1. Hey, what number do you get for the chain at 222 nm if only DSSP H runs of n ≥ 4 count, each worth -39500 (n - 2.57), divided across all residues, to the nearest 500?
2. For a test of the definition: using alpha carbon positions, the gyration tensor, and the 1.5 limit on a/c, classify region 144-198 as rounded, prolate or oblate.
3. Per residue, how much accessible area does region 9-73 show when a 1.4 Å probe rolls over the protein heavy atoms, in square angstrom?
4. Apply the Karplus curve 6.51 cos²θ - 1.76 cosθ + 1.60, θ = phi - 60°, to the phi angles in region 120-137 and return the couplings in whole Hz, x for Gly and Pro.
5. With a 1.4 Å probe and every protein chain kept in, tell me what percent of the accessible surface of the chain is carbon plus sulfur.
6. Relative to the compact-globule scaling 2.2 N^0.38 Å, provide the ratio for the alpha-carbon radius of gyration of the chain.
7. Rolling a 1.4 Å sphere over the protein heavy atoms, what is the accessible area per residue of region 86-151, to the nearest Å²?
8. May I ask you to evaluate 6.51 cos²θ - 1.76 cosθ + 1.60, the Karplus curve with θ = phi - 60°, for each residue of region 106-113 and list the ³J(HN,Hα) values in order in whole Hz, giving x for glycine and proline?
Amino acid sequence: MAKKTNEYFKTFEELVGLACSAAAYLQETLCNFDPVLLQGKMKGLHDIEHRADEVKHEMMEKLAKEFVTPIEREDIIQLAGEIDDVVDKVEDVLMRIYMYNIGSMRPEALGFADVIVRCCQALEVAVVEFPNFAKSDTLHQAFIDVNTMEEEGDGLYVSAMRSLYTEEGIDPVQVVAWSETFDKLEECCDACEHVADAMESI
């Protein structure tokens, strides 16, 4: 049983590691933004997303064959899905930037990328401690950190949207494009919080 328990928790760690990779990839792409390279960057991020899907699928296949699991079967399914959703949301950001043909980066987007990276790093701390939840001194603090950073993301979203809609001379098409992009960036922060909430509930 110990071996099986370890396998599930190690898979959660792998999934969160992929979420961290996706967040770091997004941050690097936005900080060194070049619209000419964007299509290739999307391929790189999609490869990370595809690997996360594979890991999740492998976990579901394993789960379907086992009668006894270290935590509730429904909790395993939910947590794997919530972590995978983080990677999906990060990919959505780059897709929106490409779809709307955004040609230059706004500083608010870089701020969001930083928050998303830090959220994922806090989730990484949490998932490593997760098997020791009964004795861990740091797990609860990791949940608090994610929640705090999600609130930081909420504040950034409000200020970013306010700046966008009060900026003089901006192309209305760009207002729409950035509104959608800020929505997606904020959803990344929400997705990280959903992972922390699911872990805390378990």
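The values are calculated or read from the model by the stated rules, or taken from the named source; none is laboratory data. All values reported here derive from a predicted model rather than from experimental measurement. All Cβ positions, even for glycine, are placed from backbone atoms using ideal geometry, and neighbour counts span all protein chains on display. These area figures cover heavy atoms from the full protein model, side chains too; ligands, DNA and RNA do not enter into them. Shrake-Rupley method; radii C 1.70, N 1.55, O 1.52, S 1.80 Å.
1. -29000 deg cm²/dmol
2. Oblate.
3. I get 53 Å² per residue for this part.
4. Values, residue by residue: 5, 5, 5, 5, 5, 4, 5, 6, 5, 7, 4, x, 9, 4, 6, 10, 5, 9 Hz.
5. On the way: 5270 of 9990 Å².
Summing carbon and sulfur atoms, their accessible area is 53 percent of the total for the chain.
6. 1.09
7. I get 46 Å² per residue for this part.
8. For region 106-113, the Karplus-derived couplings read 8, x, 4, 5, 5, x, 4, 4 Hz, x marking Gly and Pro.
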